[in-house]
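Just below is one structure, and these are the notes that go with it.
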Amino acid sequence: MNIMIEDIHGFNERFLTDHTRKFNFIEDQFNRAHINVQDIIERLRTFQVAIPSWALGSGATRFGRFSIGGEPATLEDKIDDAGLLHALTRSAGSISLHIPWDIPGDIDAIKQKAAAHGLFFDAVNSNTFQDQRGQKFSYKFGSLCHSSGDVRQQAIEHNVEVVEIGKALGSKSITIWLADGSSFPGQHDFRRAYQYTQDSLREIYKSLPGDWRMFIEYKPYEPNFYSMVIPDWGTSLSLAEGTGVNAHTLVDLGHHLPNTNIEQIVAILMMKGRLGGFHFNDSKYGDDDLTVGNIHPFQLFLIFNELIRGIENNTSQNPDPAWMIDASHNLKDPLEDLMQSLEGINIAFAQALIVNRKALREAQEKNDVTRCQELLQEAYRTDVRSLVAEARRQSNGAIDPIGLYRHLDVRKQLIGKRGKHGFATGL
Ligand code: PSV
Ligand code: MN
């Protein structure tokens, strides 16, 4: 289904008085602090986050899956749902596909559909963590790191095929997340597993066009519980450096052990010019795929603070990072959850944009710790929600996207169209 611009404007009318009152207040605050409010709004309007195709349906735990109804069962449906999110929020301007779950049939038709929603194709993701029907060799004991050259070759060829599909769609990057690792001491020769992985990545890299980038994810545990071949950012960075100039580390927020200082990781990766992309989610314990900014909003703000510092002082010429939400939902309506995540991301981004960076630098030079903390808190404690809503409104999005989604009873309409027990492919 499509959301009409008239629906959005009509619904916005209801909130306009209240919204304007709140926005005028923050505008006045910003004027006094010599912050150009329209500059911040423009930054918010251009900031776009990719939606992963696998987040549009219900996910599952190891114990069960509960269908929400109206889930997108085809790639076309997934593009429609991503388009719906973009129409409401104007901040989800691309979709990231996972192969083989999303192999396009008619490439031109798929491209046209995406373009009609104003979407482009962000990074394509390979999958060597599952065996596919008819596949010759199993990934049970790994893929790019496997002890058998046949398995490694099969995994390399799969990644090359993913690049080919991405090229046809107009993608410019591939994200590789490996489930490879070991669950028992002694199972792996760590050095050999690393070396095979490095060699395989180099092979895949050869198939990349010059304007493409390779993103390498890391994850400390799961599905393997004793060792992962790429457990942390240091390993990912060393593999990226060993692969080529267009290979980068990708930070997935959920892929850290509790209390890891992710903002510091982001700062150093950008300084090295190797931060490729970002997968947003939140977590209490591990890779929980919770709504962005729902558990650790201050940490998210601190991460954005480093990202903006890196973008504004880009001495190492780090390419623009690719932004994506990476989540799998089990309880909430996935579309509502994604809108909440987009809101969380935009709030943290806006708060980080208003940090008085010059004053912070001076306070850091003087070792004035109290002042440093005050400056960050000043930005973090600013209620920027009306600013984020105003950016959406100026882009023809909804002041209250979830409100409009519910008002239009979108989920009910999707169930009417696709049925109650449709199954989104993927996770
Ligand atoms: C698994 O942890 C994961 O969340 C990775 O982060 C990938 O990006 C995603 O799944 C899809 O494969
Ligand atoms: Mn991820």
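Just so it is clear, none of the values below were taken in a lab; they were calculated from the coordinates. Nothing here was measured: the structure is a model prediction, and the numbers come from that model. All Cβ positions, even for glycine, are placed from backbone atoms using ideal geometry, and neighbour counts span all protein chains on display.
Take each complete run of DSSP H in the chain, measure how far its Cα atoms stretch along the helix's own axis, and keep only those covering 20 Å or more with mean Kyte-Doolittle hydropathy at least 0.5; list them.
Sorted by number, the helices that extend far enough and score high enough are 297-312, 334-353.
For the chain, set up a Gaussian network in which alpha carbons nearer than 10 Å are linked by springs, and say which option among Val160, Val245, Val410 fluctuates the most.
Val245
Once R0 is set to 45 Å, what does the formula 1/(1 + (r/R0)^6) return for the Cβ-Cβ distance between Tyr285 and Ser148, expressed as a FRET efficiency to the nearest 0.05?
0.85
Non-local amide H neighbours of Ser58 (under 5 Å, H modeled in plane, Pro and chain starts lacking H): which ones?
Result for Ser58 returns Ile68, Ala424.
Once Rh is set to the Kirkwood radius over Cα pairs, what Stokes-Einstein translational diffusion coefficient, in µm²/s, holds for the range 1-97 at a temperature of 37 °C and a viscosity of 0.692 mPa s? Don't skip to the answer; put the middle values down first.
Numbers: Rh = 16.4 Å.
Roughly 200 µm²/s, to the nearest whole number.
Let's test the formula: R0 of 51 Å, r as the Cβ-Cβ distance of Asp199 and Gln38. What FRET efficiency results, to the nearest 0.05?
Efficiency, from the Cβ-Cβ distance: 0.50.
What full-extension length gain, to one decimal in nm, is calculated for Arg361 and Arg62 as 0.36 nm per residue of separation minus the Cα-Cα distance?
Here the segment from Arg361 to Arg62 would lengthen by 102.9 nm.
With runs of 4+ DSSP H residues as the only contributors, calculate the mean residue ellipticity of the chain at 222 nm using -39,500 (n - 2.57) per run, divided by the residue total and rounded to the nearest 500.
Per the formula, -15500 deg cm²/dmol.
Near the amide H of Ala247, under 5 Å away, which other amide H atoms are found, from residues 5 or more places off or on another chain, if H is placed in the peptide plane?
Under 5 Å from the amide H of Ala247: Met214.
For the range 270-360, what is the relative contact order in percent, using Cα pairs closer than 8 Å and at least 6 residues apart in sequence? Working shown, then result.
On the way: 111 pairs, mean separation 37.3, N = 91.
Relative contact order for the range 270-360 comes out at 41 percent.
What percent do you get for the relative contact order of the chain when only Cα pairs under 8 Å and 6+ apart count?
Across the chain, relative contact order equals 22 percent.
Apply 1/(1 + (r/R0)^6) to the Cβ-Cβ distance of Ser395 and Asp368, taking R0 = 30 Å, and write down the FRET efficiency to the nearest 0.05. It would help to have the intermediate numbers written out before the result.
Values: r = 39 Å, r/R0 = 1.31.
The formula returns an efficiency of 0.15 here.
Rounded, prolate or oblate: which one fits the range 137-264, using the alpha carbon gyration tensor with axes a ≥ b ≥ c (rounded when a/c is under 1.5, else prolate when a/b beats b/c, else oblate)?
Oblate, because a/c is 1.5 or more while a/b does not exceed b/c.
Whole percent per 5 Å bin, from 0 to the bin with the longest distance: what is P(r) over all C-alpha pairs of the range 212-316?
3, 13, 23, 24, 20, 12, 5, 1
Picking from Phe30, Phe304, Phe141, which is most flexible by a Gaussian network model of the chain using Cα springs under 10 Å?
Comparing Phe30, Phe304, Phe141 in a Gaussian network model of the chain, the most mobile one is Phe30.
Just to be sure I understand the model, the point goes 7 Å from the Cα along the line to the Cβ. What's the resulting Thr46 to Glu157 distance in nm?
Once both label points are built, they end up 4.4 nm from each other.
In whole Å, what is the distance between the alpha-carbon centres of the range 317-370 and the range 403-425?
Cα centroid of the range 317-370 versus Cα centroid of the range 403-425: 30 Å apart.
So which trypsin sites (Lys or Arg not before Pro) in the range 62-165 end up in coil per DSSP with only 16 or fewer other C-beta atoms within 10 Å? All intermediate terms of the calculation are to be shown ahead of the outcome.
Numbers: sites: Arg62, Arg65, Lys78, Arg90, Lys111, Lys113, Arg133, Lys136, Lys140, Arg152; in loops: Arg62, Arg65, Arg90, Arg133, Lys136, Lys140.
When the trypsin sites (Lys or Arg not before Pro) of the range 62-165 are filtered for loop state and at most 16 Cβ neighbours within 10 Å, Arg62, Arg65, Arg133, Lys136, Lys140 remain.
At Glu222 and Gln132, where each label point lies 7 Å from the Cα along Cα→Cβ, what is the point-to-point distance in nanometres?
2.5
When a/c is below 1.5 the answer is rounded, else prolate if a/b is larger than b/c, else oblate, so apply that to the chain with a ≥ b ≥ c taken from the square roots of the Cα gyration tensor eigenvalues.
Values: a/c = 1.90, a/b = 1.23, b/c = 1.55.
Oblate, since a/c reaches 1.5 and b/c is not below a/b.
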